[in-house]
1. Equivalent-ellipsoid semi-axes (√(5λ), Cα gyration tensor) for the stretch A:333-481, whole Å, largest first?
2. Quick one: if the Förster radius is 30 Å, what FRET efficiency do A:Asp424 and A:Ile191 give, using the C-beta to C-beta distance and rounding to 0.05?
3. Would you please give the residues with an amide H less than 5 Å from that of C:Arg230, counting only those at least 5 places away or on a separate chain, with H modeled from the backbone geometry?
4. Using θ = phi - 60° and the Karplus relation 6.51 cos²θ - 1.76 cosθ + 1.60, list the HN-Hα couplings for the stretch B:37-45 in order, rounded to whole Hz, with x at every Gly or Pro.
5. Measuring from label point to label point, each 7 Å out along Cα→Cβ, what is the A:Ser668 to A:Val601 span in nm?
6. For the cross-link pairs A:Lys169/A:Lys306; A:Lys230/A:Lys406; A:Lys169/A:Lys603, which exceed 20 Å when the distance is taken from alpha carbon to alpha carbon?
7. What nm value, rounded to one decimal, do you get for the distance between A:Ala159 and A:Ala609 when each label is placed 7 Å out toward the C-beta?
8. Length gain on complete extension for the stretch A:Val658 to A:Thr579, per 0.36 nm per residue less the alpha carbon to alpha carbon distance?
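Where a number appears in this text, it was derived from the coordinates with a stated rule and is not lab data. All of these numbers come straight from a predicted model, not from anything done at the bench. Here the Cβ positions follow ideal geometry from the backbone for every residue, glycine too, while neighbour counts run over all protein chains shown.
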Amino acid sequence: MAGFFVQWIWVVPLLPLLGGIVAALGATRFRFNAAIPVAIGIAAAFLFSLGAWASSGPENTIVVSKWLAAGSFQVPIELRVDGLSTLMLSMVTFVSTLVVIFASGYMAGDPSYPRFFAFIGLFVFSMTGLVLSNNFLLTYAFWEGVGVCSYLLIGFWYAKNSAADAAMKAFLVNRLGDIGFAIAIFWLWTIVPNHDLSYTNVLAEGTLANLPDSARVGIPLLLFWAATAKSAQLPLYVWLPDAMEGPTPVSALIHAATMVTAGVYLIARSTALIALAPGVQLLICVVGCATALLAAAIAVTQNDLKRVMAYSTVSQLGYMFMALGAGVGGVAQLAVVAAIFHLFTHAFFKALLFLASGSVMHSMGDVIDMRRFGGLRHRLPYTCWTFAVGGLALAGIFPMAGFFSKDEILLALAAAPEAAHAMDLTWGWVYGLIYWVALLTAFMTAFYTGRAFFMTFWGPEKLPSPDDPEAPEVDAHAAHGDDASHGHHHIGEESAPIMTWPLMILAGCAVVVGFLFGSTGWLEHHLQGMYGFEGLGHAPHAFGWGTPILGMVAGLAGIGLAYLLYGEPSPAPARLAATFRPLYVASLNKFYVDEIYQWTVMKVLWVSAAVLRFLDISFVERTIVGIATAPRAIGRNALAVYQNGLIQFYAAATAASVAILLLILLFS
Amino acid sequence: MTDLLTIDYLRDYLLVGAALFALGMLGFLSRRNLIVMFLSAEMMLQGTALSLIALSRYHGNWTGQIFTIIILTVAACEAAIALALIMILYDRRASLDITLWRELREEAAPDLVPIEVEAAEAEPVEPIEGPETYPQLTPAGVEPEHPIQPWTERRR
Amino acid sequence: MTTGSLLPTLIILLGAIGVYLLLPHRLGRAKPRSVHVAGATLTALGFLGFLFSIMAPPTTANPDGHYYIAAAFFYAFSAFALGSAVMTIVSRNPIHSALWFAAVVLSSAGLFLLAGAQFLAAGTVIVYAGAIIVMFLFVIMLAQMEGRAIYDRSARSPGTAVFTCFLILWSLVYCLGSLASRPEGVDEDPALFNQKLTPGRELAEHYRLDGDHSVKIALDRVFRTTSADRDAEGLAKPDVAGLGESLYTDHLVTVELAGSLLFAALIAAIVIANPKRSLRSGEPEPTPSDA
């Protein structure tokens, strides 16, 4: 039985793809039932992945077919069914199923309904392929695949300029990271024995021991660069907030649970490789920490509910990278477990939060500015309490899932200085500093989560109206258009059951997952089945009560402060903002990161593009056109003269040629 | 008894055949009348037939002569069809000049010598007198309707 | 070359110049009488040189006198053939060209006779001079312009044409002129066996004794009893009988093909020359349009 799931694992990516293709090809027939084939495909993939979970092992790889074969360059399509792959696979398919069910209700009435679900099917295919692949090059292919699907889905409403621009930005920033990945693959290919890029070969102990010094630092750096783009870390996180232009289910699926975790997955998978360069691990940790802090600082002032959640995602991804970066020496196993655990739980509660935001947006007639509505807990009870559960999980309150995963990360950070000292590294104290910054960030996380919850659901009830001071200048026509697209739904009503049931399921998961997987050690045990896990350093860690308690305190303090400021409408936040006005304005404007990029990177690129364009037009094009005119001139002026249509001329030419040939044969 | 056609005679026959061939080719390349061109082509065939006959006799079998019979056949068929086609071409342009048929060419190619210039530069030729110079008899009686077209209004 | 390569080159050059002078002018101008005379003289000189220095008389001794008669007839027929050929291509009147061509055919029929192909001699006269040339004359009658047309009076680039054709003739003469019989007294060298134009019968004899398998099979196929011009006792077969025997046994398929070809050409000629559509039943007769 175990062998069956491993042999047929390639069915798992294909089922969602098939669902997507059916939805695309039968678009006119299915119309508003196009979600059904995709949902069935992904659900079937989920059930299969449960079987794969049961039969995972560190050596389970299968070769599905040949892909690239050119002499010594052999890249077959090989898939791997080990602990990490099956964990991610089950998580991805489960969350995708729930998101598809939610989206079938959310996107009802949209004229491009089938296209949406076709793209979702394509995306799930790419993501499952990414986590299942056993070869770096195949992973790269699927990496690009999820990038493309992200572009397609963010720019789903392509007629809106901001959405099209956001999609382009996401794709191009991801492209910058992909360059790093590509160079890393090329480099690996040159130094790896047999030029075999599969994980079993590259991450084997023998290979790693023989890597040259430059590669030990260079390749992890490049892989981290790629992960920076895909998982939205400094400095390439700028695409994620703008990606909220896409439909909310897209944000929930791609930018919370699945695609952005691909970078974390890659680093986790390559831990054995990265552990060779403790300096790079420190860099990862520092970048993760800075990102988490920066994103949390921006999130505390944002007024757009989805933007808050987006920055929250960036911040939580920073946590995961902090964990991975802390994997020096004996902490390696714990670090990987912590990062993956947090990835796992984050998928559930962040997806839940995004979907709940979507439900709110749906009910408020596509208004997402938190200042325009309030006190919705009576109107939207399901949404409100599921949001609360998700918020508690995000803040890290016992016994929610976030508590356990964040706790593990802090534990890893706490154990890192000792391990660094054991390896004779001088920078162990940085980990200690990062530990305290992480706690501060946890406090800020809880604060902005509570702020979002209380602004939306607490206080006096208020529905959006066109008289709000924050309402954009909009004509009645557009508002009516939005209403019509949502069918028979009226403003202020709770969403349909098809949308609330996934929320409830996810909320249930957010509650139990931490306990079920973390405390029982099930996750750690499962990850033992990951390739190369035993090779990572592990040292016994003393379990202290200090870290969990500190984490709880930070979380409760944050929520308490938020309740104080936002539980009842009060002038306190405005006064606080006025007091710290420069900081407030900077945070509201995202610390001007986009503007800095515009004036440094973009200007340079535009200037160079103009120069190259000039060179192209005046030199390259002229040369080529000049070369092209030569045969024409020869033909028209020199050779066409001899095509004068006179038969006798042609016959004379033939006779002359025969004479010359004869003479050559005679005298040679 | 030894064959009478020694290699010397063979050589002579082959040379005559070559000369006929060359002269035929010359006529084909230089004359402008379609009929004379075709006659020259037939002369080329005669030259090759002569060579074949001589070689057949030299080698001592009939193959060359049979080949010549077939050449004869082919020449006859070719002459029939070619003359039919010449008739059609004459119907189109009322002339047997091959210079008139030049449509399959590049537009950039200049005319070697335009036909009007040719006609202008050529020496005038004494025209053949037609029936208008024949002595006329006094018509007797009423001239009947002539059912046949006069020779001056021939089919063009 | 029997006398070195300079003399034949000069002779051919003379002939070339002569023919060039005789050809019509490029633009149709009339050539003065003197030019015609000069051209004729040069051409005649060229031909005579061709006949008597390039086509050298045979060197073997002649036991009986009829070799010389045969040689005389040969030269007469050759001269007449070449002269008529030149007149064909330089005549300004197409009727004259056709008639001179008839003369060419007759003289080449005479040459066929001398080579022993009596059937072909007769056949050539009947088919060519009898049928084809008469057909030419009919077409000339149907398709003539009044007076002398410009295209009869002028030639297209006579200089280039003369040069090209006499270049070909020169190279052919260079090739063929080196064929000569082996002088007496020279040993037969097996290495030289295949370099001269060896008669087929001798080749067959040689390989029958040698036993070279593939060549032997090929030669045996060519030199079947029906194909040889001598019968089993070594006597020469009568021309028509032998030709007929070979034609209808070895080359039967060829005969059938030739017949089909003639049939197809017949249909083609009728269809091409008569483009009027035949009436189908029920259709009204087409009214004759005014000329």
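1. On the way: eigenvalues 330, 48, 33 Å².
Square roots of five times the eigenvalues give 41, 16, 13 Å.
2. Working: r = 27 Å, r/R0 = 0.88.
The value I calculate is 0.70.
3. Here the answer is C:Lys237, since their amide H atoms fall under 5 Å of that of C:Arg230.
4. Karplus values, whole Hz, x for Gly and Pro: 4, 5, 4, 5, 4, 5, 5, 4, 5.
5. My value for the distance between the label points is 6.5 nm.
6. Long pairs (Cα-Cα over 20 Å): A:Lys230/A:Lys406.
7. 2.7 nm
8. On the way: separation 79, 0.36 × 79 = 28.44 nm, distance 10.23 nm.
Gain in length upon complete extension: 18.2 nm.
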